[in-house]
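Since the structure comes first, as structure tokens, the remarks are kept for the end.
The values are calculated or read from the model by the stated rules, or taken from the named source; none is laboratory data. Everything numeric in this text was worked out from a predicted model, so none of it was measured. Don't worry about glycine lacking a Cβ; one is built from the backbone with ideal geometry, like all the others, and counts go over all protein chains shown.
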Amino acid sequence: MKRKIIDLLCQKEDYFISGEEIAEQLNMTRANVWKYMKELRESGFEIESATKKGYILKSVGMQLNEDTIYYHFKKQNFVKNILFFPRIDSTNDFLKYNREEIPDCTLVVSTFQTKGRGRRTKEFLSEEGGLYFSFMMRNTMNMQEVSFITSLAAVAVNRALLSLGIDTEIKWPNDIFLNDKKLCGILTEMVTDMEGYNKIIIGIGINISNVFPEELKEIAISLLEAGHQINEITFLLNLFSQFEYLYNKFVQGDREEALKVLREKSYLMSKEICFLKGSVEHKGTVVGLEENGNLVVRLSNKAEIALNSGEVTILKKKK
Ligand code: BTN
């Protein structure tokens with residue numbers, strides 16, 4: 001109901017809307033209108049009220065909550081539906097298990113996950129201080145193309161942060177690194193609904209101001225730790241505007257811009273890594289990234305091998 005009040009306040013924009021009109025349009029009592037106005041003010045809505053005139057929306061704060069996020073996302077078209085849960089098991093799982101009822105292009109945002117998941121069934125620690133979100137969209141692509149979606153998301157995160165003055169690197173295939181530590185992870189999954197439509201769920205977890213347990217301190221970093229303070233809503237808006245742009249190019253067959261960023265901001269480029277191919281361990285130097293997003297590694301015998309997925313370990317730091 002609060003969303004409907006926000007819609008009405010936005011419709012009127014520069015004019016007062018009376019409590020009576022709101023009550024009538026939304027079929028509620030004046031007392032309820034008053035109660036919702038109070039809640040919206042607590043959420044960060046600056047709503048002026050005047051006797052005989054009613055209510056007018058003056059401004060909306062940027063603190064992250066269900067109401068502000070709904071308001072700020074009204075101004076764009078890519079994310080069609082937005083849900084906010086301060087605490088959830090996993091935003092990816094929420095979309096997965098509710099996919100029949102939830103419209104395409106829904107974004108689920110949370111600030112705490114009790115069962116955050118990473119790739120390869122690993123746990124993704126998702127405690128206070130982080131921002132955890134998943135976006136579900138209809139899939140019309142083949143498997144090879146879908147794997148590039150993670151790369152598009154990584155570029156969108158990188159650019160969204162860059163627009164806030166934070167220069168990160170992209171660690172193939174799904175991590176964002178800052179100061180040689182993991183800042184953000186991306187998990188893309190595919191599901192099918194009862195009508196047989198494929199859906200892609202892109203889940204992203206980023207450390208904003210997390211305090212890490214001892215065992216993660218060496219490998220994980222938060223923005224705050226690196227001296228950056230960002231607003232979560234601004235970051236999300238930037239990210240989805242970037243993602244929409246890159247995705248539209250991608251469906252038209254244009255990956256160039258994304259590939260340029262992936263290559264320029266590659267964390268692994270020129271580094272020596274080891275990886276498993278089947279059960280055999282290989283060592284080599286990262287020398288490039290193919291058009292399809294595969295990582296090109298030169299082995300010691302000069303042969304080149306393209307990796308399309310998998311875990312890689314860095315052997316030596318580039319200097
Ligand atoms: C990884 O580092 O392996 C990927 C981590 C992906 C974490 C995000 S947080 C939001 C979404 N919900 C999950 O349970 N996982 C993803």
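Taking the range 3-31, which residues are touching a helix residue (DSSP H, G or I) at 6+ places or on another chain (Cβ under 6 Å), surrounded by 15 or more Cβ atoms within 10 Å (Cβ to Cβ) and of a type outside the set (A, V, I, L, M)?
Gly19
Provide a single number: the residues in the range 280-299 that are in contact with a helix residue (DSSP H, G or I) (Cβ under 6 Å, 6 or more places away or on another chain) and among the aliphatic types (A, V, I, L, M).
1
Quick check on the range 210-232: of everything there that is under 20 Å from the mean Cα position of the chain (by Cα) and within 16 Å of the ligand (Cβ to nearest atom), which residue is farthest from Ala153 (Cα to Cα)?
Among them, the one singled out is Asn210.
Could you pull out the residue among Gly278, Gly310 that is under 28 Å from Met137 (Cβ atoms) and either loosely packed, with under 13 Cβ neighbours inside 10 Å or at pLDDT below 95 (or both)?
Gly310
Out of everything in the range 214-238 that is touching a strand residue (DSSP E or B) at 6+ places or on another chain (Cβ under 8 Å) and of a type in the set (A, V, I, L, M, F, W, C), what residue ends up being surrounded by the fewest Cβ atoms within 10 Å (Cβ to Cβ)?
Residue satisfying both the conditions and the ranking: Ile219.
Matching residues to (1) within 13 Å of the ligand (Cβ to nearest atom); (2) modelled with pLDDT of 95 or more; (3) of a type in the set (Ser, Thr, Tyr); (4) out of contact with any Pro (no Cβ under 8 Å at 6 or more places or on another chain):
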{"site": "Leu95", "(1), (2), (3), (4)": "yes, yes, no, yes"}
{"site": "Lys115", "(1), (2), (3), (4)": "yes, yes, no, yes"}
{"site": "Arg120", "(1), (2), (3), (4)": "yes, no, no, yes"}
{"site": "Val146", "(1), (2), (3), (4)": "no, no, no, yes"}
{"site": "Val157", "(1), (2), (3), (4)": "yes, yes, no, yes"}
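Tally the residues that are within 16 Å of the ligand (Cβ to nearest atom) and out of contact with any helix residue (DSSP H, G or I) (no Cβ under 8 Å at 6 or more places or on another chain), restricting the search to the range 41-82.
0
For the range 47-83, how many residues meet the condition of being aromatic (Phe, Trp, Tyr) and assigned to a loop (DSSP other than H, G, I, E, B)?
1
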